[in-house]
Amino acid sequence: MPERTVLVVLYDGVQSLDVTGPVDVFAGAGYAVGDPSAYRLSTASPGGRPVRTGSGMRLLPDIDLESAPVPHTLVVPGGADGSDSSPEVVDWLREHGPRAERLVSVCTGSFLLAAAGLLDGHRATTHWAFCDEFAREYPEIDVDPEPIFVRDGRISTSAGVTTGIDLALALVEEDHGREAALVVARHLVVFLRRPGNQAQFSAPLAAQTAHREPLRDVQRWIAENPDRDLSVASLAARARLSPRHFARAFHAETGVTPGRYVERIRLEHARRLLEETTRGVEEVSRACGYGTPEAMRRAFLRNLDTAPLEYRRRFHAPLTPS
């Protein structure tokens, strides 16, 4: 199994979650595939100096950015001041960024890549609150304000903060397969990886994780078995509760009803299959527990205001030759 080096750039004012989210994903992936060295992680800052994050946390880098070898995957987290966060980082990126196999930005880290000229002519995104500014400041970049992350060749940019986790999971899936990504997602209590090429008008899973283990097990079961019987009675039996008690407890701990949670899971699964496979609408509807294409069509119109075939036309990722 090839070892992939991952370098995360640090600087004063960096967003701490932009750093720790992807790092935890890559670190967890090593254990998921049975090889802790699958990703060799390191952090670097200008001069190797400790940095103070935007929230006040102090981070101690592994190495001086100037002496850092060019990695396989270079991760640039965001900070409050965009490209003004660190001119030293921008200079380093301009010189060394073109040699990295993968360039990744989280949140407003895209401003640093843009200032280094690394996004010119590419499609990219950033935190929704800064998309207009990003487009004005860098007209040579095709700024897409809707997706949670954008992958354009070797360059990947993500939207606000936690979407860096989604993007890192997508990279793990590319490197090691979906099962490894699912193991990491489960460990981080992220039940489904949100596809990056979906528009942000979609409703991501907003439910909280249940406190009690039987309910958490039910949540995992729903996420991994969208085609099964997911009625309240069936789920209550799995949790060893009465249907009435289960429905009340599930809503109290997750913030949504079991029916709404199941609907969201099935919708996310159907979208992923429409985006990433060529399976027919009828097959997708069965695989996602809808039973019939018409039932899936009604769910798409109710939640996304678009039909499944139109959704596929807009968001299907073209297959790349092996």
- line: The helix 16-32 Cα axis meets the longest alpha-carbon principal axis of the chain at an angle in degrees, between 0 and 90 and rounded to 10, of 70
task: Specify whether the C-alpha gyration tensor of the stretch 203-315 places it in the rounded, prolate or oblate class, a ≥ b ≥ c being the square roots of the eigenvalues: rounded for a/c under 1.5, otherwise prolate if a/b is larger than b/c and oblate if not.
output: prolate
- prompt: So which residue, out of Ser105, Ser37, Ser285, gets the largest mean-square fluctuation from a GNM of the chain using Cα contacts under 10 Å as springs?
  reply: Ser37
- prompt: With contacts defined as alpha carbon pairs under 8 Å and 6 or more residues apart, what's the relative contact order of the chain in percent?
  reply: 12
- line: With the dipole of the stretch 5-188 defined by +1 on each Lys or Arg Cβ and -1 on each Asp or Glu Cβ, the option from Gln15, Pro87, Ala32 whose Cα lies farthest towards the positive pole is Ala32
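Using Cα-Cα distances under 8 Å and only pairs 6 or more residues apart, what relative contact order does the stretch 5-188 have, in percent? Intermediate values should be presented prior to the final figure.
Values: 399 pairs, mean separation 40.7, N = 184.
The value is 22 percent.
Does the stretch 2-130 come out rounded, prolate or oblate, given a ≥ b ≥ c as the square roots of the eigenvalues of its C-alpha gyration tensor, rounded meaning a/c under 1.5 and, failing that, prolate meaning a/b above b/c?
Working: a/c = 1.42, a/b = 1.27, b/c = 1.11.
Rounded shape, in that the Cα axes give a/c under 1.5.
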message: Using a Gaussian network model on the chain with a 10 Å cutoff between Cα atoms, which of His211, His127, His187 fluctuates the most?
response: His211
- line: On the formula 1/(1 + (r/R0)^6), with r taken between the Cβ atoms of Asp132 and Arg298 and R0 of 30 Å, the FRET efficiency rounded to 0.05 is 0.25
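Leaving ligands, DNA and RNA out of it, report the carbon-plus-sulfur percent of the accessible area of the chain at a 1.4 Å probe. Don't skip to the answer; put the middle values down first.
Values: 7340 of 14650 Å².
Reported share for carbon and sulfur atoms: 50 percent.
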Correct option for Rg/Rh (Cα atoms, Kirkwood Rh) [calculated from the coordinates] among [x] 1.00; [y] 1.09; [z] 1.13: [x]
- request: Express the accessible area of the chain per residue in Å², computed with a 1.4 Å probe while the remaining protein chains stay in the model.
  value: 46
message: Mean-square fluctuation check for the chain, GNM, Cα pairs under 10 Å: which of Glu310, Glu146, Glu173 is largest?
response: Glu310
query: Against the longest alpha carbon principal axis of the chain, how many degrees, from 0 to 90 and to the nearest 10, is the axis of helix 87-96 turned?
result: 80
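For the chain, give the share of DSSP beta bridges that are antiparallel, in percent and rounded to the nearest 5; count only bridges with both residues there.
Details: 7 of 27 bridges.
Bridges in the chain are about 25 percent antiparallel.
The values are calculated or read from the model by the stated rules, or taken from the named source; none is laboratory data. It should be emphasised that the depicted structure is a prediction, and the values quoted were computed from it without experimental measurement. All Cβ positions, even for glycine, are placed from backbone atoms using ideal geometry, and neighbour counts span all protein chains on display. Ligands, DNA and RNA are stripped out before the accessible areas are found, and what is left, the full protein with its side chains, is counted by its heavy atoms. Shrake-Rupley method; radii C 1.70, N 1.55, O 1.52, S 1.80 Å.
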